[in-house]
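A short worksheet on the structure shown next.
The values are calculated or read from the model by the stated rules, or taken from the named source; none is laboratory data. Note that the coordinates shown come from a computational prediction; the quantities given were computed from them, not determined experimentally. All Cβ positions, even for glycine, are placed from backbone atoms using ideal geometry, and neighbour counts span all protein chains on display.
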Amino acid sequence: ALNVAFESAHGEVVITMDADLQDSPDEIPELYRRIKEEKYDLVSGWKAKRYDPLSKTIPTKIYNAATRRMSGIHNLHDFNCGLKAYRKEVVKNIEVYGEMHRYIPVIAKWAGFTKIGEQIVEHRARKYGVTKFGMSRFINGLLDLLSIFFVGKFGKRPMHFFGTMGVLSFVIGTFIAIWLIAEKLYDISVGIPVKRDVTDQPLFYIALVAIIVGSQLFLTGFVAELVSRSAPERNNYLIEKEIS
């Protein structure tokens, strides 16, 4: 719904708020002012004083702390607050789908909009609807955060991730295999009785799995790189100003 609304918006400043009336419309003028006068790309609300039970506030604090650390947006305390203001350019250049609405500041940052601010807003009791918060939503939120982090960091260079992990796994497996073979050859050369073959040792199979997994990760990165290079939007960049 948000993505469709963003596509339809025409104003210079776009403001969103929840429909359950937990957010106050009285906050809108100040949000608008900060976008227009202080030149923020995005201003997010922060419900500093909440009236939710501990079963909701504690997981929310953990979620926000994890999001701050992974995204690098250290000045936001409430990523999931529905009351936000955006410059038009922000909403026209980001894509929101599924439950990614809670990570709009992160998506905006990865898109190049780095001037992100926060404003303390009033938190009111819910008048309509029922909260959808639960453990499943908390877990899904963390998984979505990992997805955004991966796509934002490695979306245009997947080989940097899969290739690095693949080479590391392959090298470790190869080193273990060489060490096992060298150990056996050394025992034979000095006359030490060989108690069991290399293939009878658990380390051999660990090395074999590491080599296979490493090869698969490297090939995955290679295929992902080909897919990424064929994407039509690969070389699309946001241009704020052109100097002739």
If V43 passes every condition in (1) free of Cβ contacts under 8 Å to residues at least 24 places away in the same chain; (2) within 15 Å of E118 (Cβ to Cβ) but one, which one does it miss?
-> (1)
Do we find a residue being assigned by TED's automatic domain parsing to the domain that holds Y86, in contact with a strand residue (DSSP E or B) (Cβ under 7 Å, 6 or more places away or on another chain), touching a residue at least 12 places away in the same chain (Cβ under 8 Å) and closer than 19 Å to H77 by Cα anywhere in the range 46-57?
-> yes
Those residues of the range 15-34 which are in contact with a Lys or Arg (Cβ under 6 Å, 6 or more places away or on another chain) and either closer than 19 Å to R87 by Cβ or surrounded by fewer than 19 Cβ atoms within 10 Å (Cβ to Cβ) (or both), in sequence order | T16, D20, L21
Mind listing just one residue for me: the one in the range 35-78 that is of a type in the set (V, I, T) and more than 20 Å from L146 (Cβ to Cβ) and, of those, surrounded by the fewest Cβ atoms within 10 Å (Cβ to Cβ)?
-> I58
With criteria (1) touching a strand residue (DSSP E or B) at 6+ places or on another chain (Cβ under 9 Å); (2) surrounded by 13 or more Cβ atoms within 10 Å (Cβ to Cβ); (3) within 30 Å of F154 (Cβ to Cβ), M100 comes up short on (1)
By residue number, the members of the range 55-95 that are of a type in the set (D, E) and under 15 Å from W110 (Cα atoms) are E89, E95
